[in-house]
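The values are calculated or read from the model by the stated rules, or taken from the named source; none is laboratory data. Just so it is clear, the model here is predicted, and its values are computed rather than measured. Cβ placement follows ideal geometry from the backbone for every residue including glycine, while neighbour counts extend to all protein chains displayed. When the accessible area is computed, the model is the full protein with side chains, heavy atoms only, and any ligands, DNA or RNA have been set aside. Shrake-Rupley method; radii C 1.70, N 1.55, O 1.52, S 1.80 Å.
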Amino acid sequence: MSTDSIQDLNARFAIADQVSFVAGPSGSPVVSVRNAHADAAIALQGADVTGFQPHGQEPILFLSRQAVYASGKAIRGGIPICWPWFGPHPTDPAKPDHGFARTRPWSVRDTTAMPDGATMVRLGLTDDAETRVLWPYAFALELAVTVGTTLEVTLVARNTGHEPFVCGGALHSYFHVGDVTAITIQGLEGTAYVDKVDGGRSQVQQGPITIAGETDRVYTDTTASCTIVDPTLGRRVTVAKEGSRSTVVWNPWRDKARRLADFGDDEYTEMVCVEVANAGGDTVMVAPGGKHHLEMMISVGAIAS
Ligand code: TA6
């Protein structure tokens, strides 16, 4: 468990004019990346990429103005890491939704200035007495984040124990949009989904996705990339993936937004979650010594006028 001071982190991992460690809202360390292509921020709390902004662009990721940065809490926004299960625990409702990786402090493994001007930051989390109470397996998680004109995020789950484990999860990305009622999401047309707002009923997506109410869907058996078409911001944000056969789309809308303590009442108009997942039946068995990669690449382009 990382308790490195910000001074220690800067001494070991800072890169002049590119990577530095600063105190986040609660004093917990945040990696600040500023390079030739983009600015980004990564909270060690939950290894959450809380910000990504290519130069000349509006922020790509949404971060609630009421987000809480505290040990044991998930940050409302950016890219929370759901692991080793997605949603409610499969058998024990007393265990935390979306697992524990997003609520724990991660350690820095290394930082690298890439030849093309991009920056890579690698963070890690391993099992300990507390995680084994929640999930009795030995593991090593690594998150590699590459900040450039695109954002690449790879979660590698390694089984460091002697028995196989089954895991699920998601890169639970919150995207900043100009007006959620004006966007469309392409890439899941004709794909089956489980509609959590409609009691878990199975449906098939007709045409591009639009958001006009609370939306909470697990699209199943899909390896497709998704594109958020945002006419208000004049851009298309594409999410490509590997190691995932399910995609989750979420917007809490008005009523649920009001029930979330760490989310502004009207912030639902500014965001949509499009999540690269191993959700529902899309779980993964990892043998001792084995590993699973969950990968995402976010790119942005202009809408042709
Ligand atoms: O990813 C969608 C979802 O599973 C929704 O059901 C909703 O609860 C959302 O995650 C946020 O969950 P959280 O535990 O962060 O409040």
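Quick look at the values:
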{"quantity": "Amide H contacts of Ser173 (H built 1.01 Å from N, under 5 Å, at least 5 apart or other chain)", "calculated": "Val274, Val276"}
{"quantity": "Dimensions (Å) - the stretch 148-284, Cα atoms, principal axes, largest first", "calculated": "50, 39, 35"}
{"quantity": "Peptides ranked, highest mean first, by Cβ atoms within 10 Å: ranges 195-201, 232-238", "calculated": "232-238, 195-201"}
{"quantity": "Cα-only Debye scattering, the stretch 224-305: base-10 log of I(q)/I(0) at q = 0.12, 0.13, 0.17, 0.18 Å⁻¹", "calculated": "-0.51, -0.59, -0.86, -0.91"}
{"quantity": "Extension gain from Thr149 to Thr232, taking 0.36 nm per residue of separation minus the Cα-Cα distance", "calculated": "27.8 nm"}
{"quantity": "Efficiency of FRET from Cβ geometry, Leu134 and Met285, R₀ 22 Å, rounded to 0.05", "calculated": "0.70"}
{"quantity": "Across Lys73/Lys196; Lys241/Lys291; Lys73/Lys256, pairs whose alpha-carbon gap is larger than 22 Å", "calculated": "Lys73/Lys196"}
{"quantity": "Protection proxy ranking, peptides 291-304, 209-222, average beta carbon neighbours within 10 Å, highest first", "calculated": "209-222, 291-304"}
{"quantity": "Length added when fully stretched, Asp221-Thr184, from 0.36 nm per residue minus Cα-Cα", "calculated": "11.2 nm"}
{"quantity": "Quotient of Cα Rg and 2.2 N^0.38 Å for the chain, N being how many residues it contains", "calculated": "0.95"}
{"quantity": "FRET efficiency, Gln203 to Ala302 (Cβ-Cβ, R0 22 Å, nearest 0.05)", "calculated": "0.10"}
{"quantity": "With DNA, RNA and ligands ignored, accessible area of Tyr174 (1.4 Å probe; Å², nearest 10)", "calculated": "10 Å²"}
{"quantity": "Amide H within-cut-off set for Met271, under 5 Å, with H built and near neighbours excluded", "calculated": "Val177, Val180"}
{"quantity": "Size of electric dipole in the stretch 1-77: Cβ of Lys, Arg +1 and of Asp, Glu -1, about Cα centre, debye, nearest 20", "calculated": "220 debye"}
{"quantity": "Segment Asp255-Asp97, length gained on full extension (0.36 nm per residue, minus Cα span)", "calculated": "54.9 nm"}
{"quantity": "Fraction of accessible area attributable to carbon and sulfur, the chain (%, probe 1.4 Å)", "calculated": "49 percent"}
{"quantity": "Assigned charges on the beta-carbon of Lys, Arg, Asp, Glu; the stretch 237-305 dipole about Cα centre (debye)", "calculated": "240 debye"}
{"quantity": "Net dipole in debye of the stretch 1-154 [+1 Lys, Arg Cβ; -1 Asp, Glu Cβ; about Cα centre; nearest 20]", "calculated": "300 debye"}
{"quantity": "Highest-first arrangement of 279-288, 266-275, where packing means the average Cβ count within 10 Å", "calculated": "266-275, 279-288"}
{"quantity": "Amide hydrogen neighbours beyond the local backbone of Gly290, cut-off 5 Å, H modeled", "calculated": "Asn159"}
{"quantity": "For the stretch 50-131: rounded, prolate or oblate by the Cα gyration tensor [a/c cutoff 1.5]", "calculated": "oblate"}
{"quantity": "Charge dipole of the chain about the Cα centre (unit charges at C-beta), most positive-ward option of Ala38, Ala192, Pro136", "calculated": "Pro136"}
